[in-house]
Structures are given as structure tokens and as C-alpha cells.
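Beneath this line is the structure, given in C-alpha cells, with notes to follow.
The values are calculated or read from the model by the stated rules, or taken from the named source; none is laboratory data. These figures come from a predicted structure and were not determined experimentally. Please note: Cβ atoms are built from the backbone with ideal geometry, for glycine as well, and neighbour counts cover all protein chains shown. Accessible surface is based on the protein model in full, side chains and every heavy atom, while ligands, DNA and RNA are left aside. Shrake-Rupley method; radii C 1.70, N 1.55, O 1.52, S 1.80 Å.
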Amino acid sequence: MADQKMKERRRVSLMIMVLFFQVLSASLHGCLAAIGQGQPPRKPTSIHPRAGVRSSVFLPVSGNVYPLGYYSVTIGIGNPPKPFQLDIDTGSDLTWVQCDAPCTGCTLPRDQLYNPSKKNFVDCKDPICLAVNSPNPPQCKNPNEKCCFQVQYADHGSVLGFIVSDTFPLRLVNGTLSKPHLAFGCGHRLQNRGLHPPTPTAGVLGLGKSKASISSQLSSMGVTKNVFGHCLGDNRGFLFFGADFVPKSGMTWTRMLQSSSDKHYSSGPAELLFGGKPTGIKGVNVIFDTGSTYTYLNLKVYETVLNLIRKDLSGKQLHDVKDKALPICWKGTKPFKSMRDARNYFSTFALSFTGSSNVQLQLPPENYLIVTEQGNVCLGILNGAEAGLGTTNVIGDISLQGKLVIYDNENQMIGWANADCNRKFGAF
């Protein structure tokens, strides 16, 4: 399988992480045995609100959709802080890093792994352990057992480890330095996680909706409001926590779907438009997931999209071509140098959210196509059924580029606006 295909499979599996999240008793027993029991009890990690002046945190983002296939931030952990590059993922809750415990299957050199001490372990009875393992409560034989986790991936990979808590020094926009103790996963057993080529990231920054996510923890400690946003550019962008960067106007907002079974940032139903016209596809629910490089649609929607594009290209000087980057590609009369050269051949898709008036997520060509190293243009919308997603529709990084996207957990809303994410905040 081609390198880019292998990388893309990883990116889809990160989104599936929450769908397949479970704590397996046999695996937990092995984890508990590996790290020992009976350590001195530590102060429980608070996940309840505390008084304080809430501010915001601003973090630069690096990465791209192609050829890297991921976006990341660098965050310091510990005292003194050690930098870790983490893949930003709105499709999963738990933040985890590769951990020297010792580690089996880690992709980074040992000196770049997180090295926990006894005081960092989170006990099985700690409230944050319950939040991490929800809805399956951990089976604690005694209060001093260590809190373990196991993440199962759709590609049969997995990460096993234990929950730890450490200092995350964060410079707030009000000028103060906050040092909250946040809980995260220390992954010491990685299986089938070999990437081709391997990425330099140390783990995942989980931005999901549960109490275990970084945004929820910062909010519960009174550091920021439970609001965060991202802006993904060609090679850089930014991520923020808190409400200080939320524009007072110019945003398009839609309500998050609320159900006991849906723990993702989902919205819908929406109608699919192409070139401003109805396609006959209605009732589409979507998940906003920065843990997926590309956008995945269920079989019916995917086939409709592909047929519409091919019909629209009829008579134009583009021809099918094989390219290792993605399954569906076209070549022109001469190699494309950028999306600027290719975009005029294609039309704009849009998701019109039927629960709200005039709420549309516009997907111009640059939000569903890439230009490869071979100078071909390839479709960054993939068949979700082939990726094991069933009827789920995922809006990935490619469709979130060039947009400020905000997840307001306080008001259960998702918002977006066109933005120049390659420039500093404020250039909308």
C-alpha cells in the first residue's frame, strides 16, 4: 500500500478512537500488574468548577493536509516543561503521549518520551478516571490501583497505558502564566501503530466533548471557558482555548446534535448542494473531526458526489489518472502547480443545515481537492464505507482549511467563518 494511503488510514483511525473506546478487564489487569499497586495515594484530580478569572490560551499550529496529513501543536508538560508535539484531534477525548514506562511499540527515541514519576499516577477511584473510562466504570479492587486506559482503533491498532497528571504551563492572553495539573494518557504499549513514513508527533491532543478532554479540564479548573477553536492553513494556523478570540460578528453558527450515543462534535441534518443547486441528498448528519485528514461520506452520498463531479467535468480537458496519493485523480493538459490552477474546473459543494435558516458550510474546490507532487488534482472526499465508518459522515481537515472553526461547549454550538489561517489571528 502506498505511503500516503497508509498515512491516511492512520488519520481515519484517530477519529474512530472514541467510537471504539472501551476498557477491557483482561487488558486492564495486565496494565495494573505492569505498573504496580499500593503506591502512596495522591490528591484527587478535580474536575469540578473552581473560582477564578477565566482567560484564554493561544497556540500556533503547524502542518498541512498534503503531503504531511496532520496538524499539530507543541505543548510543554512537567516542571521544568518538556515539549511534546501532539496531533490535534476533535474526534477523540483523551490526550495521550508516548511514555517511557518502559514503552513497547513507541515511534520516538527514548529521550523524547514522557517519563512519569510515582506522584504522577492517577488512582483508579479518582473522578477523572471515571470520566476517561465512561461509560464503562473502572473495576477498582482497591483505592490505590492505578487508572488505566485502552484505546482501540478501526485499523486494529491500539494504545494501552495509564492515566497520569502533570503540570501544563500555559501563557494566558491576560499575561499570566497558568500551571494547571491536567490528566492525560501515558501510552506505554502501542500495537500496529507503525506509520509509513512515521510522523514526529508524540501523541494526540484530545479535544472532544467529554470531561476528560483538555478543554473540559481547563474549564473545570477555572482557567478558560469550555470554548475552543482552530484555524488550519496551508502549512500553519492556530488553536485557542477560551472565549476571548470568539468574533462578535461574522460567524455562521449551528447547534450541536445532542444524544446519549453521540459524543462527537456533530451537527445536522443538512442538505447537500452542488453549484448552488439541490442534489436530492437530504438528512445528512456530519462529524467535525480534525483527527481525519480527508472528508468521508457514506456510500450513497459519496457516489452522488463522485457522479456530480464527473458529470461537471464532462467536456473539460481533464482525464482520469492513477496517483498514489488518493484513489480518484485527474490530470490536465499540463501538470497543475497549485489549487489556483485547478479550481476553475470544479464547482462548489455546500451543506445547508435545515434546522437553521441560511446556515451553510461552503466547500469550494480547495476544500475537497489536493494537487499532488505529480501535478495531478485528486479528490479528498473518500468512501466512508471502505474505511469502516458505515453510515457516518466525517468533515476532515481538508474541508476545514481556511476557516475559523469554533466549538462552543458552553452553548452547545459550532461556528465557522472564512479566514486567512496562514496569518496571525484577526485577519478574517
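Limited to the range 209-234, what total is found for residues that are among the aliphatic types (A, V, I, L, M), modelled with pLDDT of 95 or more, open to solvent by less than 10 Å² (accessible area, probe 1.4 Å) and not in a helix (DSSP H, G or I)?
Residues that pass the stated criteria total 2.
Collect the residues in the range 289-305 that are in a strand (DSSP E or B) and touching a His at 6+ places or on another chain (Cβ under 8 Å), keeping them in residue-number order.
Once the filter is applied, which keeps residues that are in a strand (DSSP E or B) and touching a His at 6+ places or on another chain (Cβ under 8 Å), the range 289-305 yields nothing.
Considering the range 136-157 alone, what residues qualify as being under 21 Å from PHE121 (Cα atoms) and open to solvent by less than 40 Å² (accessible area, probe 1.4 Å)?
PRO138, CYS140, GLU145, LYS146, CYS147, CYS148, PHE149, GLN150, VAL151
Could you tell me whether ALA154 is in the same structural domain as ILE77 (by the TED database), modelled with pLDDT of 85 or more, of a type in the set (Gly, Ala, Ser) and farther than 24 Å from LYS82 by Cα?
no
Taking the range 393-407, which residues are open to solvent by 20 Å² or more (accessible area, probe 1.4 Å) and either at pLDDT below 95 or outside any loop (DSSP other than H, G, I, E, B) (or both)?
GLN401
Output the number of the condition that ALA183 fails; it satisfies all remaining conditions of (1) in contact (Cβ under 8 Å) with a residue 24 or more places away in the chain; (2) farther than 23 Å from ASP100 by Cα.
Here ALA183 meets the rest and fails (2).
Have a look at LEU172, LEU177 and point out the one that is open to solvent by less than 20 Å² (accessible area, probe 1.4 Å) and closer than 28 Å to THR224 by Cα.
Details: LEU177 fails: open to solvent by less than 20 Å² (accessible area, probe 1.4 Å).
The conditions single out LEU172.
Tell me which of these TRP330 doesn't satisfy, since it passes every other one: (1) outside any loop (DSSP other than H, G, I, E, B); (2) among the aromatic types (Phe, Trp, Tyr); (3) touching a Gly at 6+ places or on another chain (Cβ under 6 Å).
TRP330 satisfies all of (1) outside any loop (DSSP other than H, G, I, E, B); (2) among the aromatic types (Phe, Trp, Tyr); (3) touching a Gly at 6+ places or on another chain (Cβ under 6 Å) except (3).
If you scan the range 342-358, which residues turn out to be within 18 Å of GLN401 (Cα to Cα) and of a type outside the set (Lys, Arg)? Write out each step before concluding.
Step one: of the range 342-358, the residues within 18 Å of GLN401 (Cα to Cα) are 342-343, 346-351.
The answer is ALA342, PHE346, SER347, THR348, PHE349, ALA350, LEU351.
Within the range 334-391, take every residue that is in a strand (DSSP E or B) and open to solvent by 50 Å² or more (accessible area, probe 1.4 Å) and give me the one that is nearest to ALA419 (Cα to Cα).
GLN362
Among the residues of the range 235-267, which ones are open to solvent by less than 20 Å² (accessible area, probe 1.4 Å) and closer than 30 Å to PRO135 by Cα? Reasoning before the result, please.
In the first step, residues of the range 235-267 are kept if they are open to solvent by less than 20 Å² (accessible area, probe 1.4 Å); the result is 237-242, 254, 256, 264-267.
LEU239, PHE240, PHE241, GLY242, THR254, MET256, HIS264, TYR265, SER266, SER267, listed by residue number.
Suppose we filter the range 269-285 for residues that are in contact with a Phe, Trp or Tyr (Cβ under 9 Å, 6 or more places away or on another chain), under 30 Å from GLY206 (Cα atoms) and surrounded by fewer than 19 Cβ atoms within 10 Å (Cβ to Cβ); how many remain?
Here the count works out to 2.
Does at least one position in the range 29-49 carry a residue that is in a strand (DSSP E or B) and either at pLDDT 50 or above or of a type in the set (A, V, I, L, M) (or both)?
Taking every residue of the range 29-49 in turn, none turns out to be in a strand (DSSP E or B) and either at pLDDT 50 or above or of a type in the set (A, V, I, L, M) (or both).
Residue under question is ASP123, and the condition is that it be under 28 Å from PHE58 (Cβ atoms) and either assigned by the TED database to the domain that holds LEU218 or at pLDDT 90 or above (or both); does it hold?
Values: under 28 Å from PHE58 (Cβ atoms): no; either assigned by the TED database to the domain that holds LEU218 or at pLDDT 90 or above (or both): yes.
Against the criterion (under 28 Å from PHE58 (Cβ atoms) and either assigned by the TED database to the domain that holds LEU218 or at pLDDT 90 or above (or both)), ASP123 does not qualify.
Take the range 105-130 and flag every residue that is open to solvent by 20 Å² or more (accessible area, probe 1.4 Å), out of contact with any His (no Cβ under 9 Å at 6 or more places or on another chain) and more than 22 Å from LEU190 (Cα to Cα).
Within the range 105-130, LYS119, LYS125, LEU130 meet the criteria.
Which one is nearest to the chain's Cα centre (by Cα), of the residues in the range 312-333 that are touching a residue at least 12 places away in the same chain (Cβ under 8 Å) and open to solvent by 90 Å² or more (accessible area, probe 1.4 Å)?
LYS324
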